[in-house]
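J.: Quick one: the structure is below, questions incoming.
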Amino acid sequence: MPNFDTGHLFLTTLAPIKKGTTRDDRGVKVSHEQKIRTTLAILPTALQSPATEEIGINSPFARNLRTHLCRFMVLDNVVFNGRVKQDAIVTALSGEDPIQPRPVDQLTNSFLLFVADIDAVTEDGAPLPAKLSKAQQNEVRDAYARRLWETMEAEICEIYENCEGFDTVKDADGFADYLRRCQVETTMPFNDYWLNPPNLHQLPVKGMAAMVLVPLLVALLGAIGWFTGSVPLLTWIFGWTPGWTFAGGLIATALAVCGAYAYTLRNGEKPMPQGEYGDLPSVLKSLYLQQKFADFAVRMQGKSDAEIHAAFGDFIAETQPENKMAPTQVPGVISIQRKNAIFEQ
């Protein structure tokens, strides 16, 4: 299903960047596109490497518990993938000059692209849904937009003030409406949080083949009777003439093919199942437990059974495995050892 899959919402928005010039922080006149590029260049990333850890300022997107991945990008034009392949003989017969270039798609404006993979929930820590209607997807998108405004309003305004139509945005609801107007359909989601292979929607291939082949066989029998003048079995049983048997079989075959094709498309549009622990709080909790248990295993080397048993009880009480919200690893950091990370609010 576009935009929604595996319990996640895949958000894609395109906001047109203003044309003309503005002033940067130094008062120098620059284009809106250049200013937005500069703003994005200095926007803190997650503390995901030793180099970024030295900066000590986490990504503003780490202030919420719904964003798995996200990216900003300035899209100033589309990529030219080359000429469309065509048959040389057909081209020669049509009289087309292959030397002359064909029309190439061009954007009339630069756009700010924002993509995000988020939990399809309206409250942090809520279970991932297996299905969402279009209206429910919109509720998730709007709730996420409002959450972004609540946690990183300053960064949002600094970025989007260079985009058309953002001047009227004054609050969280306004930003949610702005992203709604900028949203484009996401048709290529991605997710890999399954612990076990998911139970995907299988096509009933044998049943679909029978649905097509049976009327095709009827049409074939009718054709044999029509062209040979013999009386096919169906004509002898039901009294059908060979011509009508042939025509009816063809019509039924065509309807069966169309039905099988439509069913295949609908089956492909069904969202894949969500991972059992595919929400962001569960992922962070898993990382936290993994590190805490590794430290626990090291500490227990050489201990007696009684000591390990008692220590494990303390470990469970401290880490609370059943509580995915706390204690846990904070978003945007490599490990729980990064306790001095600075989170701008």
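J.: Given the conditions (1) open to solvent by 30 Å² or more (accessible area, probe 1.4 Å); (2) among the polar types (S, T, N, Q); (3) within 30 Å of residue 217 (Cβ to Cβ); (4) within 20 Å of the chain's Cα centre (by Cα), which single one is not true for residue 264?
T.: Here residue 264 meets the rest and fails (4).
J.: Could you check, for region 275-285, whether at least one of its residues is modelled with pLDDT under 95, within 37 Å of the chain's Cα centre (by Cα) and open to solvent by 50 Å² or more (accessible area, probe 1.4 Å)?
T.: Scanning region 275-285 turns up at least one residue that is modelled with pLDDT under 95, within 37 Å of the chain's Cα centre (by Cα) and open to solvent by 50 Å² or more (accessible area, probe 1.4 Å).
J.: Hey, another quick one. Restricting region 171-210 to residues that are among the β-branched types (Val, Ile, Thr) and touching a Ser or Thr at 6+ places or on another chain (Cβ under 8 Å), which is nearest to residue 255 (Cα to Cα)? Explain how you work it out, then say what you get.
T.: We begin by selecting, within region 171-210, every residue among the β-branched types (Val, Ile, Thr); these are 184, 186-187, 205.
From what is left, the residues that are touching a Ser or Thr at 6+ places or on another chain (Cβ under 8 Å) are 184, 186.
On the way: 184: 34, 186: 31 Å.
Among them, the one singled out is 186.
J.: Would you call residue 105 in contact (Cβ under 8 Å) with a residue 12 or more places away in the chain and either part of a helix (DSSP H, G or I) or among the acidic types (Asp, Glu) (or both)?
T.: Values: in contact (Cβ under 8 Å) with a residue 12 or more places away in the chain: yes; either part of a helix (DSSP H, G or I) or among the acidic types (Asp, Glu) (or both): yes.
For residue 105, the condition - in contact (Cβ under 8 Å) with a residue 12 or more places away in the chain and either part of a helix (DSSP H, G or I) or among the acidic types (Asp, Glu) (or both) - is met.
J.: Something else about it: Give the residue, chosen from 82, 95, that is surrounded by fewer than 12 Cβ atoms within 10 Å (Cβ to Cβ), within 29 Å of the chain's Cα centre (by Cα) and free of Cβ contacts under 8 Å to residues at least 12 places away in the same chain. Can you show your working first?
T.: Details: 95 fails: within 29 Å of the chain's Cα centre (by Cα).
That would be 82, the only listed residue that is surrounded by fewer than 12 Cβ atoms within 10 Å (Cβ to Cβ), within 29 Å of the chain's Cα centre (by Cα) and free of Cβ contacts under 8 Å to residues at least 12 places away in the same chain.
J.: Check 69, 75, 65 and return the single one that is farther than 21 Å from residue 154 by Cα, open to solvent by 40 Å² or more (accessible area, probe 1.4 Å) and either modelled with pLDDT of 95 or more or within 19 Å of the chain's Cα centre (by Cα) (or both). Working first, answer last.
T.: Details: 69 fails: farther than 21 Å from residue 154 by Cα; 65 fails: farther than 21 Å from residue 154 by Cα.
Result of the check over 69, 75, 65: 75.
J.: Of all residues in region 286-304, which are farther than 30 Å from residue 120 by Cβ, open to solvent by 70 Å² or more (accessible area, probe 1.4 Å) and not basic (Lys, Arg)? Reasoning before the result, please.
T.: The initial filter retains those residues of region 286-304 that are farther than 30 Å from residue 120 by Cβ, namely 294-304.
Now narrow it down to the ones that are open to solvent by 70 Å² or more (accessible area, probe 1.4 Å): 298-299, 301-303.
Those that are farther than 30 Å from residue 120 by Cβ, open to solvent by 70 Å² or more (accessible area, probe 1.4 Å) and not basic (Lys, Arg): 298, 301, 302.
J.: Taking interchain pairs and intrachain pairs at least six residues apart, which have beta carbon atoms under 6 angstrom, with the first residue in region 147-174 and farther than 17 Å from residue 31 by Cα and the second of a type outside the set (Phe, Trp, Tyr)?
T.: 147/64; 149/172; 151/63; 151/64; 152/60; 155/60; 172/146
J.: Any residue in region 271-292 that is closer than 12 Å to residue 324 by Cα and in contact (Cβ under 8 Å) with a residue 24 or more places away in the chain sitting within a Cβ distance under 6 Å of a residue that is β-branched (Val, Ile, Thr) and open to solvent by 20 Å² or more (accessible area, probe 1.4 Å)? List the pairs, counting only those 6 or more apart or interchain.
T.: 284/328; 285/328; 288/328; 288/336
J.: Only one residue in 29, 19 is over 30 Å from residue 121 (Cβ atoms), open to solvent by 30 Å² or more (accessible area, probe 1.4 Å) and in contact with a helix residue (DSSP H, G or I) (Cβ under 8 Å, 6 or more places away or on another chain), so which one is that?
T.: Details: 29 fails: in contact with a helix residue (DSSP H, G or I) (Cβ under 8 Å, 6 or more places away or on another chain).
When all the criteria are applied, what remains is 19.
J.: Let me ask another. Criterion first (within 30 Å of residue 125 (Cα to Cα), in contact with a Ser or Thr (Cβ under 6 Å, 6 or more places away or on another chain) and not aromatic (Phe, Trp, Tyr)) does residue 280 satisfy it? Working first, answer last.
T.: Values: within 30 Å of residue 125 (Cα to Cα): yes; in contact with a Ser or Thr (Cβ under 6 Å, 6 or more places away or on another chain): no; not aromatic (Phe, Trp, Tyr): yes.
So residue 280 does not fit the description; no.
J.: Inside region 142-178, can you point out the residues that are touching a Leu at 6+ places or on another chain (Cβ under 8 Å) and farther than 21 Å from residue 128 by Cβ?
T.: Listed by number, the residues that qualify are 155, 156, 159, 160, 162, 163, 175.
J.: So which residues in region 1-43 are within 18 Å of residue 159 (Cβ to Cβ), touching a residue at least 24 places away in the same chain (Cβ under 8 Å) and not aliphatic (A, V, I, L, M)?
T.: Across region 1-43, the qualifying residues are 12, 13, 16, 18, 19, 22, 32, 33, 35, 37, 39.
J.: Still on this structure: Given the condition within 30 Å of residue 228 (Cα to Cα) and at pLDDT below 85, answer yes or no: does some residue in region 328-341 qualify? Spell out the reasoning first.
T.: Start the filter on region 328-341 by keeping residues that are within 30 Å of residue 228 (Cα to Cα), which leaves none.
Scanning region 328-341, I find no residue that is within 30 Å of residue 228 (Cα to Cα) and at pLDDT below 85, so the answer is no.
J.: Would you check which residues across region 180-193 are surrounded by 10 or more Cβ atoms within 10 Å (Cβ to Cβ), at pLDDT below 85 and not hydroxyl-bearing (Ser, Thr, Tyr) and list them?
T.: Answer for region 180-193, where residues must be surrounded by 10 or more Cβ atoms within 10 Å (Cβ to Cβ), at pLDDT below 85 and not hydroxyl-bearing (Ser, Thr, Tyr): 189, 190, 191.
J.: Filtering region 44-55 down to residues that are polar (S, T, N, Q) and touching a residue at least 40 places away in the same chain (Cβ under 8 Å), which residue is nearest to residue 166 (Cα to Cα)? First the steps, then the outcome.
T.: Start the filter on region 44-55 by keeping residues that are polar (S, T, N, Q), which leaves 45, 48-49, 52.
Still in the list and also touching a residue at least 40 places away in the same chain (Cβ under 8 Å): 48-49.
Values: 48: 31, 49: 34 Å.
Applying the filter and picking the extreme gives 48.
J.: Tell me, yes or no, whether region 174-181 has at least one residue that is touching a strand residue (DSSP E or B) at 6+ places or on another chain (Cβ under 7 Å) and in a helix (DSSP H, G or I). Steps first, answer last, please.
T.: Keep residues of region 174-181 that are touching a strand residue (DSSP E or B) at 6+ places or on another chain (Cβ under 7 Å), which gives 179.
Now narrow it down to the ones that are in a helix (DSSP H, G or I): 179.
For region 174-181, residues touching a strand residue (DSSP E or B) at 6+ places or on another chain (Cβ under 7 Å) and in a helix (DSSP H, G or I): present.
The values are calculated or read from the model by the stated rules, or taken from the named source; none is laboratory data. Since the structure is predicted, the reported quantities are computational estimates derived from the model, not experimental observations. Virtual Cβ from ideal backbone geometry, glycine too; neighbours counted across all protein chains shown. These accessible areas exclude ligands, DNA and RNA; they are computed on the full protein's heavy atoms, side chains included. Shrake-Rupley method; radii C 1.70, N 1.55, O 1.52, S 1.80 Å.
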